[in-house]
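The values are calculated or read from the model by the stated rules, or taken from the named source; none is laboratory data. Only a predicted model underlies this, so the values are computations on that prediction, with no experimental measurement involved. Cβ: placed from backbone, ideal geometry, glycine included. Neighbour counts: every protein chain shown. Surface areas here come from the heavy atoms of the whole protein model, side chains and all, with no ligands, DNA or RNA. Shrake-Rupley method; radii C 1.70, N 1.55, O 1.52, S 1.80 Å.
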Amino acid sequence: MAWDEWERLKADAAARGSTGMRLNHVPSEPGGGGVGDLKSDKKAWTKAGEDTKGLLDGIGKALGKLDEGQAGLGNSSGVQSAAAQQELYESWKKYVGEVKARCGELGGLMEKSGHDLAMSDADVKAELDKIQGEYHDTETVGGQPKGR
C-alpha cells in the first residue's frame with residue numbers, strides 16, 4: 001500500500017467521525033456505571049483466603065487426634081473388626097489429609113487473587129481446575145467399594 005493511499009484512508013475515516021467504542025451495545029451511563037456494576041473487593045478475597053488457610057490448624061489437630069486414637073489398636077491381623085477399623089482409619093487419614101492440602105492450596109489462590117487481582121478469569125479458572133483435578137472427593141454413600 002502506497003503512502004498516499006494510507007493518508008487517504010485515514011482522512012476518509014476522520015471525515016466519517018468517531019462512533020466511539022461500545023461493548024456489547026450497552027450505552028454507558030454517567031459515572032461509568034453500566035449494567036451490574038462489577039465490583040471486586042481485595043479485602044474480601046484476602047480474608048476468605050486467610051480464613052480457608054486458617055482451617056489448616058484445626059484439621060492438623062484432628063489428624064493428630066485420629067493418630068492418637070488409632071495408636072492402641074496394635075496388630076489387627078486375625079481380628080476382622082480390627083482389620084476393618086484399620087482400613088477405615090487409613091481411608092479417613094488419607095481423606096482428611098487431602099482436605100487439609102486442598103484448603104491450603106485454595107486459600108493460597110484466594111489470597112493471591114485478593115492481594116493483586118491481576119490474574120485473569122481464565123488463569124483463576126485454570127488454577128481451580130488444577131486443584132479440582134488433584135483432589136477427588138469420594139463417591140457419595142460409602143466411598144470406593146473394594147469388591148464386597
Can you give the accessible area per residue of the stretch 41-116, in Å², using a 1.4 Å probe?
65 Å²
A 26 angstrom limit on the alpha carbon distance is what I want to check against. Which of 100/125; 94/130; 47/94 exceed it?
47/94
3J(HN,Hα) from dihedral phi, the stretch 48-58, Karplus parametrisation 6.51/-1.76/1.60, rounded to Hz, x for glycine, proline
4, x, 4, 5, 5, 5, x, 5, 4, 4, x
Once the Cβ-Cβ distance between residue 132 and residue 14 is put in as r, and R0 is 30 Å, what FRET efficiency do you end up with, to the nearest 0.05?
0.05
